[in-house]
Amino acid sequence: MKKLDIIYEDKDFLVVNKPAGLLTISDGKTNNTLYSMARIYVKKQNPHNKIFIVHRLDKDTSGVILFSKNEKLKYLLQNDWNNLCLVREYYAIVEGIMPKEKDTLTNYLQESKTHQVYVTNNKRLGKLAITNYEVIEAKNNKSLLKINIETGRKNQIRCQLAFINHPIIGDRLYHNKAKRLMLHATKLVIVQPITKQTYTFISPVPFVLSKGSL
């Protein structure tokens with residue numbers, strides 16, 4: 001099992017850099033997950049220590065993940081996540097040249113019985129997803145994007161970009177093949193709900209997703 005790449009740690013939080021290809025939490029088929037690594041880490045410090053998942057990243061997405069060290073804080077964060085999470089920033093490389101330098105994608109997303117997320121016109125059954133993007137670089141029929149999301153729906157970024165015919169490179173779910181999914185969660189800014197302190201956590205953008213990599 002790989003060693004945790006720790007970004008920040010205190011009495012309340014453990015923040016780590018998740019590698020691409022690792023599940024955040026078990027899917028029932030494997031226990032090789034970021035959560036299990038975090039749990040082993042805190043238990044080595046003290047067998048009575050606990051760790052709680054606050055949010056997730058898709059298996060193939062890399063970047064910032066925040067764990068809580070107590071259950072009360074976990075629930076406070078999860079119950080008001082959209083207000084307490086001020087920034088969720090990603091970098092992505094997509095197929096093609098984007099039609100606009102900046103834009104906001106607003107769609108309703110629905111999940112099929114086979115767990116495929118897709119855009120729907122049915123506002124009653126779908127969940128609102130809002131994704132903002134800015135083009136950092138564009139060449140060789142590819143675009144490097146900086147993305148901020150206002151909602152946290154499953155597969156949100158991947159689904160919405162594929163819907164406008166600019167799938168993320170490496171996204172096997174939305175019909176694109178490459179060595180890895182070119183999506184990285186680079187910044188997370190949150191408000192601690194008890195102390196009201198603002199924290200900024202940053203995971204450096206991997207070289208494969210940096211400017212000049214296209």
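The values are calculated or read from the model by the stated rules, or taken from the named source; none is laboratory data. All figures in this text were calculated on a predicted structure; none of them were measured in a lab. Neighbour counts run over all protein chains shown; Cβ positions are idealised from the backbone, glycine included.
A few points about this structure:
- Residue ID - surrounded by the fewest Cβ atoms within 10 Å (Cβ to Cβ), chosen from residues in segment 35-64 that are among the hydrophobic types (A, V, I, L, M, F, W, C) and free of Cβ contacts under 8 Å to residues at least 60 places away in the same chain: ILE40
- Number of the exception - ILE147 against (1) over 19 Å from VAL205 (Cβ atoms); (2) in contact with a helix residue (DSSP H, G or I) (Cβ under 8 Å, 6 or more places away or on another chain): (1)
Listed here are the residues, each with its yes/no results for (1) under 30 Å from PHE13 (Cα atoms); (2) touching a helix residue (DSSP H, G or I) at 6+ places or on another chain (Cβ under 9 Å); (3) at pLDDT below 95; (4) of a type in the set (D, E, K, R).
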{"position": "ASP103", "(1), (2), (3), (4)": "no, no, no, yes"}
{"position": "ASN121", "(1), (2), (3), (4)": "no, no, yes, no"}
{"position": "THR131", "(1), (2), (3), (4)": "yes, yes, no, no"}
{"position": "VAL135", "(1), (2), (3), (4)": "no, no, no, no"}
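- Test: residue in segment 11-24 that is free of Cβ contacts under 8 Å to residues at least 40 places away in the same chain, over 23 Å from VAL205 (Cβ atoms), touching a helix residue (DSSP H, G or I) at 6+ places or on another chain (Cβ under 8 Å) and part of a loop (DSSP other than H, G, I, E, B): no
- So GLY96, is it in contact with a Lys or Arg (Cβ under 7 Å, 6 or more places away or on another chain), small (Gly, Ala, Ser) and at positive phi: no
This table checks each residue for (1) acidic (Asp, Glu); (2) outside any loop (DSSP other than H, G, I, E, B); (3) surrounded by 15 or more Cβ atoms within 10 Å (Cβ to Cβ).
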| site | (1), (2), (3) |
| --- | --- |
| ALA92 | no, yes, yes |
| THR104 | no, yes, no |
| GLN110 | no, yes, yes |
| ARG124 | no, no, no |
| VAL135 | no, yes, yes |
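- Verdict on THR151 being of a type outside the set (Asp, Glu), modelled with pLDDT under 95 and surrounded by 13 or more Cβ atoms within 10 Å (Cβ to Cβ): yes
- If you filter segment 4-22 down to residues that are at pLDDT below 95 and among the hydrophobic types (A, V, I, L, M, F, W, C), you find that the one that is farthest from the chain's Cα centre (by Cα) is LEU4.
- For segment 157-198, the set of residues classified as touching a Leu at 6+ places or on another chain (Cβ under 7 Å), part of a strand (DSSP E or B) and buried (at least 21 other Cβ atoms within 10 Å of the Cβ) consists of ILE168, HIS184, ALA185, LEU188, ILE190, listed by residue number.
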